[in-house]
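One structure is given here, and the rest of the page talks about it.
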Amino acid sequence: MSGGGTNLQALIDALGPDAPARVSHVISNRPDAGALERARRAGIPVSVLRDPQNPTELLAAIGDAGLVVLAGYLKLVPAPVVARFRQRMVNIHPALLPDYGGPGMYGRRVHEAVLASKAAESGVTVHYVDEQFDRGPIVAQRRVPVHPDDTVESLAHRVLEAEHALLPEVVLDLAARIQQEKTDGG
Ligand code: GRF
């Protein structure tokens, strides 16, 4: 996490005591990220990275997690961490990738670009993380309409609601698959 953590909150709310997966640990590159407060309120352990480019530090924080979710994390994940968690690390992006992604495409800039292009639709993408920003294989997308009178704020709000619905669904699906693979693998 790097920010306010509303996606984290959606996960915490969706993954109740009977869910087959839980948020075991929250990692932030910013000590002031609102996500940390949400985690603490939910009794989830937190770590703040001293150096997000340091793969050893990040790997130690991730530990033996089955799935890593980048939910509003703005730093590039170091290559050794990507390699270790290939197809077990996902990112959520507030647009329909491969469009409107890449370095510097985060926050309001994404929605500004969508509005400037006069696209009729935007949406949400969850994708596996690879060595580049917003480029790994797409896991799931959800579309939302762009209205003629949309502002950055109104579009961002609609997209964020779609994020909060899609992310827990994808995490539950992937958690079930990872659990199955563990069972199959003995
Ligand atoms: C979301 O739009 C997410 O897609 C993007 O950053 C925003 C973070 O929101 N990567 P939050 O921190 O989950 O509230």
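The values are calculated or read from the model by the stated rules, or taken from the named source; none is laboratory data. It should be emphasised that the depicted structure is a prediction, and the values quoted were computed from it without experimental measurement. Glycine gets a Cβ as well: all are built from the backbone with ideal geometry, and neighbour counts include every protein chain shown.
May I ask you to verify whether P52 is touching a Lys or Arg at 6+ places or on another chain (Cβ under 7 Å) and over 23 Å from V144 (Cβ atoms)? When the stated conditions are applied, P52 passes them.
In the range 146-175, the residues that are closer than 16 Å to A95 by Cβ reach residues that are polar (S, T, N, Q) and within 13 Å of the ligand (Cβ to nearest atom) with C-beta atoms within less than 7 angstrom, at least six apart or across chains, in these pairs: V146/S122; L155/S122; V159/S122; L160/T6; E163/N7; H164/T6; H164/N7; L167/N7.
Among the criteria (1) within 24 Å of L15 (Cβ to Cβ); (2) part of a loop (DSSP other than H, G, I, E, B); (3) within 16 Å of the ligand (Cβ to nearest atom); (4) touching a Phe, Trp or Tyr at 6+ places or on another chain (Cβ under 8 Å), the one L76 does not fulfil is (1).
Looking only at residues of the range 89-107 that are more than 10 Å from the ligand (Cβ to nearest atom) and surrounded by fewer than 18 Cβ atoms within 10 Å (Cβ to Cβ), we find that the one that is nearest to E169 (Cα to Cα) is P98. Among the numbered conditions (1) closer than 21 Å to G4 by Cα; (2) in a helix (DSSP H, G or I); (3) of a type in the set (D, E), the only one that E57 does not meet is (1). G123 meets each of the listed conditions (1) at negative phi; (2) within 14 Å of the ligand (Cβ to nearest atom) apart from (1). Listed conditions (1) touching an Asp or Glu at 6+ places or on another chain (Cβ under 8 Å); (2) within 23 Å of V23 (Cβ to Cβ) are all met by V170, apart from (1). Taking the range 122-133 as the region of interest, how many residues are surrounded by fewer than 16 Cβ atoms within 10 Å (Cβ to Cβ) and either of a type in the set (S, T, Y) or touching a helix residue (DSSP H, G or I) at 6+ places or on another chain (Cβ under 9 Å) (or both)? Final tally of qualifying residues: 1. Residues that are within 11 Å of the ligand (Cβ to nearest atom) and either among the aliphatic types (A, V, I, L, M) or outside any helix (DSSP H, G or I) (or both) were ranked within the range 156-183; the one that is nearest to V69 (Cα to Cα) is L167. For the range 1-42, filtering for residues that are part of a helix (DSSP H, G or I) and at pLDDT below 95 leaves 0. Can you tell me which residue within the range 45-73, out of those that are under 19 Å from D130 (Cα atoms) and of a type in the set (S, T, Y), is farthest from the chain's Cα centre (by Cα)? By that ranking, first place goes to T56. For the range 1-46, the candidate set comprises residues that are basic (K, R) and within 20 Å of V90 (Cβ to Cβ); within that set, the residue that is nearest to the ligand (Cβ to nearest atom) is R38. Each residue in the range 61-73 was checked for being within 16 Å of the ligand (Cβ to nearest atom) and either assigned to a loop (DSSP other than H, G, I, E, B) or not β-branched (V, I, T) (or both), and 4 pass.
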